[in-house]
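The values are calculated or read from the model by the stated rules, or taken from the named source; none is laboratory data. Everything numeric in this text was worked out from a predicted model, so none of it was measured. Neighbour counts run over all protein chains shown; Cβ positions are idealised from the backbone, glycine included. Remember, those area values only see protein heavy atoms, side chains included, never the ligands or the DNA or RNA. Shrake-Rupley method; radii C 1.70, N 1.55, O 1.52, S 1.80 Å.
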Amino acid sequence: MNFERNYTFICPKNTLYLYLRVFFFSLLILGLTNISAQSQNLDSLENITKTSKYDEQKAIAYQKLAWHYRNMSLKKSLDYAHAGLALTKNFTNRKIEADITRTIGVIYLHYVYHHESLEWNQKALLLSQEIDYEEGVGFCYDNFGVNSYYQKKYTRALENFERALAIFEKLNHKEGMGYSYTHLGWVYMEQKQYQKALDYTLKALELRRKVGNIPPIAGALRDLARIYERMGNTEKAQKAIKEAIDIIYKTKTKPFLDEHLQALAHIYIDVNLDSAYKYTQLSEYFVNQRGNKRQKVHVYKLYYQIFLKKNDIPKAMEYQDLHYAYKDSIYNDDIDRNNASLAAKFEYDQKEKLLVLEQKQKRAEIENQLQNQRWVIYTILLILLFLILLGYVFYRNFIEKQKFVDKLAKSNLELKQLNAQIDQQNEELTAITENLKEMDAFKDKLFSIISHDLRSPLAQVQGTLSILESGLLEQDEFMAIVPSLAKSIQVSSELLTNLLSWAKSQMSGQTIEKQNFDIQETIDVNVKLFEKTSQSKGILLKSSLEKPLFVLGDKNMIDLVIRNLTNNAVKFCKKGNEITISAQETDAQGKDKNMVKVCIADTGVGISEKNIDKLFANKGFTQKGTSGEKGTGLGLTLCKDFIEKNGGRIWVESKEGEGSRFYFTLPVV
């Protein structure tokens, strides 16, 4: 509820009194709507403590009830906590014992019982350390810090808060980190290190918003308002505390609403004294409900400051006396309670013993009931055992039969698999036989090439040289046959290169030396190589590449492929035809993704459809060129082998009389 938004409070005392009566009545009506839902939850916890068969479940319920009532009733919350603590002796989960022990310390701290708070928190710390309960250790150090903070021992408070924060950060315990950030902000605010206080409080607010726990979010906003007020930023302070009160008022129990109203009243002292007085009165109403002396001290200090600002000195002095009287009584009471706590401890010890005795009696009754139930269970188990044995005999016979059937089926399956393997091996042997026949035929073809095509040019050169040596050939006659000799030597050289390359590719252990290289450079070298040959036939040979294009492959193998394909294109072109070599990166998906596609296209005689399938068939297919050039049928076989070994593929598109396009692909760098 945003009080400042809903009310304008500049009025005389009688109007203020009327307002308070209306506000309290409306608060009662609004509170009733929450009581039923809240009481249902509390009734559920009370029911667990009475009906549950499990002591661990009861102890947790008692702890939750104690935590709920910690801001409302010292006696009630302590009764619940000690009842839960007595039950922890009946089970082994000592974390619950540590949590309840620490809860008792927090309850005493809320009601300014510093000595008792420290005593119980020390017990919780020792127990948490004994069972390696790091989360519990962190919260104990945080509670020690709060105790020191309330006693204005800020250095000791900082040490404890920082130890707690280190543990929570190690565990990534966001709730614990939120408490540590908040309490570090308190200390730095009291030490007037406002920027540090602001940084820690903003961290706490951010964490608590993530966790989504409403009261801690409101508490962080309240702390933020106090820091902004001390920094002189009244506007931000008002905004933060009003947001905090709005959040608190939407909760069922409105926890710590009195403290938030005090913070708002403190901000309004320098802005609007009537509003400050109104919020102080509202805070006093909620403080009286809680019975918290520490907050009573703060309320009387606010009254003193308000009346001092109004120049009402008698009233100011009256509340100043009340402020110091309550403040002194808190610390005097804390000293007196060192003796009184022994009596209180004795009383609670007696209650614990009584509860333990009741638990033992209940456990004895339950044990008798269980003994009777055991005899019934034993009888049922004997009958079940007989039925199980009988079933086992039938089951064993069934399993033996099933094993025989499975074994027979498995044998049949193995026979089928063996037959299938034999069929597959026969097919593989047939394929190998056919392949060997093709290889033998291809090798016969190669030997024929070597014995005829390679020997004939060499014999021609040898005969010419013999005639020249005998002096029967004139100089002009010799010069006339030189071009023919050069052509024969070139053909022999090309044949020898292909033969050597093929032989090397067939050798086991051949290594492919892949590297990144510029294919434009390799194409340009081959265009230059065949420039004179193409010009002599009246053919235009060109490359369409204008910039470097890098591929991954064996440069020597790819050079031989381009040379063979270019030579074939020149061989099967006539005067006036064109040959164009191009290359580009593909934008295709699948097997041609991230590849470079090279094309050697010509406008020559083309290839018939029936001959296209023979080109790469490893059968030495060959045809004469347009000028009667002979071929070996080995070049395209080598091209296919080399391209596939470099991770690409090769194919041809051709139509007889219209030319051919030979393509191959290589991986792009």
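Among the candidates Thr201, Thr234, the residue that is under 21 Å from Tyr150 (Cβ atoms) and of a type in the set (Val, Ile, Thr) is uniquely Thr201.
Lys353 - would you say it is more than 30 Å from Ala86 (Cα to Cα), at pLDDT below 80, more than 51 Å from the chain's Cα centre (by Cα) and open to solvent by 100 Å² or more (accessible area, probe 1.4 Å)?
Working: more than 30 Å from Ala86 (Cα to Cα): no; at pLDDT below 80: yes; more than 51 Å from the chain's Cα centre (by Cα): yes; open to solvent by 100 Å² or more (accessible area, probe 1.4 Å): yes.
Answer is no for this residue.
The residue that is farthest from Leu184 (Cα to Cα), counting only those in the stretch 129-167 that are touching a residue at least 12 places away in the same chain (Cβ under 8 Å) and small (Gly, Ala, Ser), is Gly136.
Can you name the residue in the stretch 49-63 that is of a type outside the set (Ser, Thr, Tyr), open to solvent by 50 Å² or more (accessible area, probe 1.4 Å) and within 42 Å of the chain's Cα centre (by Cα) and is also farthest from Lys95 (Cα to Cα) among such residues? Walk me through how you get there before you give the answer.
We begin by selecting, within the stretch 49-63, every residue of a type outside the set (Ser, Thr, Tyr); these are 50, 53, 55-61, 63.
Subsequent filtering for residues that are open to solvent by 50 Å² or more (accessible area, probe 1.4 Å) retains 50, 53, 56-57, 60.
The next check asks that each one be within 42 Å of the chain's Cα centre (by Cα); those that pass are 56-57, 60.
Working: Glu56: 11, Gln57: 13, Ile60: 11 Å.
Per the stated criteria, the residue is Gln57.
Determine whether the stretch 462-475 contains at least one residue that is under 30 Å from Gly635 (Cβ atoms), at pLDDT 70 or above, assigned to a helix (DSSP H, G or I) and open to solvent by 80 Å² or more (accessible area, probe 1.4 Å). Yes, that holds for at least one residue.
From the residues in the stretch 80-110 that are touching a Lys or Arg at 6+ places or on another chain (Cβ under 7 Å) and open to solvent by less than 30 Å² (accessible area, probe 1.4 Å), which one is farthest from Leu127 (Cα to Cα)? Restricting to residues being touching a Lys or Arg at 6+ places or on another chain (Cβ under 7 Å) and open to solvent by less than 30 Å² (accessible area, probe 1.4 Å), the top hit is Ile107.
Say we look at the stretch 518-551 and pick out the residues that are of a type in the set (S, T, N, Q) and either part of a helix (DSSP H, G or I) or touching a His at 6+ places or on another chain (Cβ under 6 Å) (or both); which of these is farthest from Ala583 (Cα to Cα)? Spell out how you get there, then give the answer.
Initially, the stretch 518-551 is screened for residues of a type in the set (S, T, N, Q), giving 520, 522, 526, 533-536, 543-544.
Okay, now just the ones that are also either part of a helix (DSSP H, G or I) or touching a His at 6+ places or on another chain (Cβ under 6 Å) (or both), so 520, 522, 526, 533-536.
Working: Gln520: 8, Thr522: 12, Asn526: 14, Thr533: 23, Ser534: 21, Gln535: 23, Ser536: 26 Å.
Applying the filter and picking the extreme gives Ser536.
Considering only residues in the stretch 171-198 that are within 25 Å of the chain's Cα centre (by Cα) and of a type in the set (D, E, K, R), the one that is farthest from Gly145 (Cα to Cα) turns out to be Lys174. Among the residues of the stretch 166-188 satisfying the criterion of being under 16 Å from Ala244 (Cβ atoms) and out of contact with any Leu (no Cβ under 8 Å at 6 or more places or on another chain), which is most open to solvent (accessible area, probe 1.4 Å)? Across the stretch 166-188, the extreme among qualifying residues is Trp186.
Restricting attention to the stretch 631-666 and to residues that are over 21 Å from Gly576 (Cα atoms) and assigned to a loop (DSSP other than H, G, I, E, B), the residue that is nearest to the chain's Cα centre (by Cα) turns out to be Gly647. Summed over the stretch 146-164, residues that are part of a helix (DSSP H, G or I), farther than 21 Å from Ala218 by Cα and of a type outside the set (Ser, Thr, Tyr) total 9.
Sort through Lys514, Lys528 and tell me the only one that's over 26 Å from Gly647 (Cβ atoms), open to solvent by 70 Å² or more (accessible area, probe 1.4 Å) and at pLDDT 90 or above. Show your work before the answer.
Details: Lys514 fails: over 26 Å from Gly647 (Cβ atoms).
One residue alone meets the criteria, Lys528.
Would you say His266 is closer than 17 Å to Met189 by Cβ, modelled with pLDDT under 80 and open to solvent by 10 Å² or more (accessible area, probe 1.4 Å)? Yes.
Take the residues of the stretch 210-247 that are among the acidic types (Asp, Glu) and touching a residue at least 40 places away in the same chain (Cβ under 8 Å): which is surrounded by the fewest Cβ atoms within 10 Å (Cβ to Cβ)?
Looking at residues that are among the acidic types (Asp, Glu) and touching a residue at least 40 places away in the same chain (Cβ under 8 Å), I get Asp246.
Check Ser117, Ser73, Ser77 and return the single one that is among the small types (Gly, Ala, Ser), touching a Gly at 6+ places or on another chain (Cβ under 9 Å) and either crowded, with 22+ Cβ neighbours inside 10 Å or at positive phi (or both). When all the criteria are applied, what remains is Ser117.
Would the stretch 553-569 turn up any residue that is of a type in the set (A, V, I, L, M), more than 52 Å from the chain's Cα centre (by Cα) and either closer than 18 Å to Gly659 by Cα or open to solvent by 30 Å² or more (accessible area, probe 1.4 Å) (or both)? Checked the stretch 553-569: at least one residue is of a type in the set (A, V, I, L, M), more than 52 Å from the chain's Cα centre (by Cα) and either closer than 18 Å to Gly659 by Cα or open to solvent by 30 Å² or more (accessible area, probe 1.4 Å) (or both).
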